[in-house]
Ligand code: SF4
C-alpha cells in the first residue's frame, strides 16, 4: 500500500476535489483558488457533509483501534463537529424557513441510518489518510510538475479484498451513469490499485438510507481519468476560466458577485 506512505507535497499540487470543482464551474475555481476570494456564505450541504464525515471517521477509528464503535460516541462526534461548523464564518446558506437546528437534525438522521445499515469491515488500515501521487500524462509520458493530492475516507480489508471507502451525502440515490463514470472513483482506483472503491451514499430521503456500491474501474477508465486531470491542469495554466451556469449556482459561495 505505497499510497498510504506517500507524503503529499505542499508546493505544486492539485486535489481531486479541485479538479471536480473546475469541471463543475471553471470561473468558481478561479474566484476560489486563483484570486482567493472571500466566500459570501457556506453551503448547507458542505457543512452537513463535513460533520457527517467526522462522525463516520470516529466510527472507523474505533475499529482501527480495536474497539467496537458505540452509537452514542459516533452521534456525539457528529454533534460536536456540527456545532463547531455552525459557529464559523461566513454563515451557512439555509433554505427559506430552515434553521441550523433543522440541518443538525437531518445530519443525526443520516448518522443513525449509517449506524443501522453499515456492515463493519474486517480490518481498518487508515482513516482520513492523505495521499500525494506524481501524475504521468498518459498521452505524452511526461511527469507533471503538479502532484495529485487528496484524502481517502478510509482504507479497509473486507472479505480478503483491499477496499477504499468513500462517503457521500446526497439528496437521492446515485444514477447508474454517475456510478459508472464518477471521476473521483476512477482516480482513487488509479491511485491506490485497490480491489474495490466502496461508495457509501447516505440519502436524505424521507427515510434516510445507506446505499453501498462496490465499484471497479477498467484500465482504460483509469487512464482516461488521469488524462482528464492533465487536461484540466493544461486549461488552468492557459487561463481558461469560463462561467458554467446551472444547478451548481444555487449554493455557490460567489453567486451574488457572479450575478452582479
Ligand atoms: S454563480 Fe454559477 S457561474 Fe457563477 S461562479 Fe458560481 S457556479 Fe460559476
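Remarks
- For residue 72: the one exception among (1) assigned to a loop (DSSP other than H, G, I, E, B); (2) surrounded by fewer than 14 Cβ atoms within 10 Å (Cβ to Cβ); (3) modelled with pLDDT of 95 or more: (1)
- Residue 23 modelled with pLDDT of 95 or more and over 30 Å from residue 234 (Cα atoms): no
- Qualifying residue in the range 93-101 (condition: in contact with a strand residue (DSSP E or B) (Cβ under 8 Å, 6 or more places away or on another chain) and in contact (Cβ under 8 Å) with a residue 24 or more places away in the chain): yes
- Taking the criterion of being within 15 Å of residue 184 (Cα to Cα) and without any contact (Cβ under 8 Å) to a residue 60 or more places away in the chain, the only residue of the range 120-151 that qualifies is 151.
- Enumeration of residues in the range 28-42 that are surrounded by 18 or more Cβ atoms within 10 Å (Cβ to Cβ) and within 11 Å of the ligand (Cβ to nearest atom): 28, 29, 30, 31, 32
For every residue, the table says whether it meets (1) within 19 Å of residue 60 (Cα to Cα); (2) in contact with a strand residue (DSSP E or B) (Cβ under 6 Å, 6 or more places away or on another chain); (3) assigned to a strand (DSSP E or B).
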| position | (1), (2), (3) |
| --- | --- |
| 149 | no, yes, yes |
| 155 | yes, yes, yes |
| 167 | yes, yes, yes |
| 178 | no, no, no |
| 184 | no, no, no |
| 189 | no, yes, no |
| 198 | yes, yes, yes |
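- Scope the range 203-260; condition in a helix (DSSP H, G or I), within 9 Å of the ligand (Cβ to nearest atom) and under 18 Å from the mean Cα position of the chain (by Cα); matching residues: 248
- Scanning the range 70-82 for residues that are more than 20 Å from residue 168 (Cα to Cα) and in contact (Cβ under 8 Å) with a residue 12 or more places away in the chain returns a single hit, 73.
The values are calculated or read from the model by the stated rules, or taken from the named source; none is laboratory data. Quick caveat, the model's predicted, so the values are computed rather than measured. Here Cβ is always computed from backbone atoms with ideal geometry, including for glycine, and neighbour counts include all displayed protein chains.
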